[in-house]
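Below is one structure; the comments refer to it alone.
The values are calculated or read from the model by the stated rules, or taken from the named source; none is laboratory data. Here the structure is a predicted model, which is why all the values come from computation and not from measurement. Because the Cβ atoms are built from the backbone with ideal geometry, glycine has one as well, and the counts that use them run over all protein chains shown.
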Amino acid sequence: MADSRFYENHGPFTLEQICEICDAVLEDSGKKDLQITDMATMGTAGEGQICFFYDKKKKDAAASIKATACVTTPEFKDIIPDGVAVLVSANPKLAFVKLNEAFYSEPKPEPEIRPSAVISKTALIGENCYIGDNVVLEDNVKIGDNVILEANVVISRGCEIGSHCRIGAGAHISHCLMGERCYIYGGARIGWDGFGFLFVQGVHKKIPQVGRVIIGNDVEIGANTCIDRGAMDDTVIGDGCRIDNLVQVAHNVKLGRGCILVSQTGIAGSCTLGDYVVCGGQTGFADHLNIGSGAQIAAQSGLMRDVEPGAVVMGSPAVPIKDFMRQVAFMQKAGKK
């Protein structure tokens, strides 16, 4: 059960309503008016609560379900205990997400501009926006409709933020054009200088960074993540990308659609990633690499060469995952001699 100090429960819902939310089918239509007050895990759910069961590894635990209702797959519906209302879903994981959103949708502040906000006379703010305490909007900033800017956000001059975006507390956006429905988490730094220097007569001379950051639609960027603006070309984050906390994306990097970068990933300058590339935690990239669409990079891998589309690689330097497993097996065998 979620802590009511932090999360507002929007229930109860009837089982009929839950079937509509989850795109599920109730096995016993006579139970459609049963009220469900909350969600819980399979092991803790009790009266008035609903749980989800789809893991073959937990098949033996199904007999101990004590929830009022359970969402499961056609494969497991017959092993749910008698007395538990069964909702059958083709995709219980997606059903869980949909019902979770219905019960505990993220609270949104009422539209308001807080008195402590500092807003340039040339900034343009759309309708139904929330501008939080100590927010700074510099000259010629454009904010779309239904945008939420939490406390201490800074949007530097000339930036454009699309409609339905949410920028978390303390984030700073600079030199950036952002699409719609983006969620930038607290402390993120977007559009600051790329790390570029020229060694001249014993001195590291700064190379001017005069590009931008272009962020597509439906992008999430995690807390304390840094995305540098381009040196000449733009840094581009494609539609639907999901970037975790504490990720570094350097200048001129191009991400295609739907890429996933897990925490502590670091991508050096001018790398290009195709669509739907997945990078596990702590992956590192040398500069100017091309990573093909659909490639998967295992955690803690070091990329020094281009990666073909659809390839799965691992290790440092990264190699095809089958080769990596052979290397590990060889080393383990050699170590026992």
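Values for this structure:
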{"read-out": "Unmet criterion (only one of (1) of a type in the set (Val, Ile, Thr); (2) in the same structural domain as Val312 (by TED's automatic domain parsing); (3) within 21 Å of the chain's Cα centre (by Cα)) for Ile161", "value": "(2)"}
{"read-out": "Residue count for segment 1-22, restricted to those that are at pLDDT 95 or above, in a loop (DSSP other than H, G, I, E, B) and charged (D, E, K, R)", "value": "0"}
{"read-out": "Any hit, segment 126-139, residues being touching a residue at least 60 places away in the same chain (Cβ under 8 Å) and either out of contact with any helix residue (DSSP H, G or I) (no Cβ under 6 Å at 6 or more places or on another chain) or buried (at least 18 other Cβ atoms within 10 Å of the Cβ) (or both)", "value": "no"}
{"read-out": "Strands (runs of 3 or more DSSP E) contained entirely in segment 29-96, each with at least 1 residues that are free of Cβ contacts under 8 Å to residues at least 40 places away in the same chain", "value": "49-53, 69-72"}
{"read-out": "Odd one out for Pro111, checked against (1) out of contact with any Pro (no Cβ under 8 Å at 6 or more places or on another chain); (2) more than 24 Å from Ser4 (Cβ to Cβ); (3) modelled with pLDDT of 95 or more; (4) crowded, with 19+ Cβ neighbours inside 10 Å", "value": "(4)"}
{"read-out": "Hits in segment 184-234 (condition: touching a Cys at 6+ places or on another chain (Cβ under 9 Å) and not aliphatic (A, V, I, L, M))", "value": "Arg189, Gly191, Trp192, Arg212, Gly216, Asn217, Asp218, Glu220, Arg229"}
{"read-out": "Output for segment 189-230, where each listed residue is closer than 20 Å to Asn245 by Cβ and among the β-branched types (Val, Ile, Thr)", "value": "Ile190, Val213, Ile215, Val219, Ile221, Thr225, Ile227"}
{"read-out": "Odd one out for Gly48 among (1) small (Gly, Ala, Ser); (2) crowded, with 19+ Cβ neighbours inside 10 Å; (3) at positive phi", "value": "(2)"}
{"read-out": "Only listed residue being farther than 30 Å from Gly132 by Cβ and β-branched (Val, Ile, Thr), chosen from Val84, Val97", "value": "Val84"}
